[in-house]
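Here the structure is laid out as structure tokens; the discussion comes afterwards.
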Amino acid sequence: MRLNFFVNGEPVSLDTDPQRRLLDILREDLGLTGTKEGCSEGECGACTVLMDGEAVHSCLTLAAQLNGRHVETIEGLEKSGELDILQRAFVEEIAVQCGFCTPGMIMSAKALLLKNPNPTPEEIRTALSGNICRCSGYVQIVNAVSRAAREMGGEA
Amino acid sequence: MNTCLIPRNLEELGEALGQLTGKSLILAGGTDLVLQMRAKHLEPDVLLSLSDVSALRDIIITPERAVIGAMATMARVKEATDGLSDLQALADAAGGVGSPQIRNKGTIGGNVANASPAADLPSVLWLLNAQVDILCPGGLRRVLPIQQFFQGKDGRKTQLELGEVIVSFTIDRTALQGWRSAFHKLGHRSQVTISRIGMAIALRLNSEGIIEDARVVAGAIKPIPFQLPAAEDILRGKRPEPTPGLCIALGETFKGNTRRVYKENAAKGVFEDTLKLFAR
């Protein structure tokens, strides 16, 4: 099928199998390897991207569902060589250890802050409940999201 | 795979349904189907994606009724019904499905059509006497009460025939005037968990706060939801306060309904947690 959609604001048009996963389109066809494949079954959240502003699993999204959609990946956050506030907050709060969960974690946090610029720690934990990190223990991650919210102008 | 169909409206969808065979697959949110396709290496002859039929995503709620499109995501169902006391059980159930990522893609129609025994929305739709609006190949429509929808024939889990899809669920809110509802589930952890018991309760209280009428529907126990008239009898005439005596009596009504001893024991706690929600 001919698939027309948007990735990080840019129009993308490609011939693909309708059953191809968004995850594979991003990583293999478009070279956007920031999005990670963890469990491949919608449990771990490593493959999280934004679709029309909502956090979704790219491993459970097929090309047949993508026409006209706006997809944002971790690569879309960096602007002109500068890290996004969220990315910087993850670095500064040492919320990254092995880093494999980080892109998905940041995209889930991004989806939260788009809707709720001033989340409570509880709201942050709920927003990240579909993202598993096996090294950090989550405390620094929640702190990083709170910090980003503060720096973005929320009052948390 | 030979064909992928992505209709853009109900008319095109009706035509597309006519092309489906027993080897075809209908893709809604994909949170269950994509897993099954990969695990079982399914090779459909036709893949029909419902993603572009915007009419299927509509949620229309008036004082008289709620019409919820089959492709409404769990997140949107929660947002649309949260705070409406008669429909609160829908918000509770939809808001507790999976993770945020699953709730942003998983649909109410997929939850019902897939008919997993552990699905949360069927018991709530059963509680609220939803009517299921079904689109047939060629564009004909038929409507079934949700209770009948789950009486599948010939080993099928639902009444959906080849080439049929759910369009929407309609709930008559005039019949729910004065009712409040809540849903609570028992899982292995508080979030991102699959129901071991799903408890949907609706109560109608009088001006003194006494339960005049009650409906109780349990899910994740049998293949399809079931009503618990014995629990409803116990609740009538009581206050919706989860006292130990009341919860133990309610829990007893689970006896004989499940072969799992832990569920029999856990039922009283699930009743307690669900009744607590009526203090909101």
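Calculate the dipole size of chain A relative to its Cα centre from +1 charges on Lys and Arg beta carbons and -1 charges on Asp and Glu beta carbons; express the result in debye to the nearest 20. Spell out each step's value before the answer.
Numbers: 14 positive and 22 negative charges, 34 e Å.
With Lys and Arg at +1 and Asp and Glu at -1, about 160 debye.
Counting only protein heavy atoms and a 1.4 Å probe, the protein assembly as shown has 43 square angstrom of accessible area per residue. Here the stretch A:1-151 has 50 percent of its accessible surface on carbon and sulfur atoms, given a 1.4 Å probe and all protein chains in place.
For every helix of n ≥ 4 consecutive DSSP H residues, a contribution of -39,500 (n - 2.57) applies; sum these over chain A, divide by its total residues, and give [θ] at 222 nm rounded to the nearest 500 deg cm²/dmol.
Working: 4 runs with 42 residues, N = 156.
My calculation for chain A gives -8000 deg cm²/dmol from helical runs alone.
Contact order for the stretch B:151-280, expressed relative to its length and based on alpha carbon pairs under 8 Å spaced 6+ residues apart, stands at 19 percent.
Rounded to the nearest 500, what is the 222 nm mean residue ellipticity of chain B from helices alone, with -39500 (n - 2.57) per DSSP H run of 4+ residues and division by all residues? Present the calculation step by step, with values, prior to reporting the outcome.
Numbers: 11 runs with 87 residues, N = 280.
Mean residue ellipticity at 222 nm (helix-derived): -8500 deg cm²/dmol.
Loop sites by DSSP among the GluC sites (Glu not before Pro) of chain B, restricted to those with at most 12 other Cβ atoms within 10 angstrom, leave B:65-160 as the longest stretch without any of them.
When the accessible areas of B alone and A alone are added and the area of the pair subtracted, with a 1.4 Å probe, the result is around 2200 Å², both sides summed.
Relative to the longest principal axis of the Cα atoms of chain A, helix A:139-151 runs at roughly 90 degrees.
Projecting the Cα positions of B:L33, B:S54, B:L20 onto the charge dipole of the stretch B:15-60 (unit charges on Cβ atoms of Lys, Arg, Asp and Glu, taken about the Cα centre) puts B:L33 furthest along the positive direction.
Compared with the dominant principal axis of the Cα atoms in chain A, helix A:102-115 is inclined by about 80°. Both the radius of gyration and Dmax for chain B are 19.1, 64 Å, in that order, over alpha-carbon atoms.
The values are calculated or read from the model by the stated rules, or taken from the named source; none is laboratory data. Note that the structure is a prediction, hence the values are computed from the model and not measured. All Cβ positions, even for glycine, are placed from backbone atoms using ideal geometry, and neighbour counts span all protein chains on display. Each accessible area value is taken on the protein alone, full model and side chains, heavy atoms only, with ligands, DNA and RNA left out. Shrake-Rupley method; radii C 1.70, N 1.55, O 1.52, S 1.80 Å.
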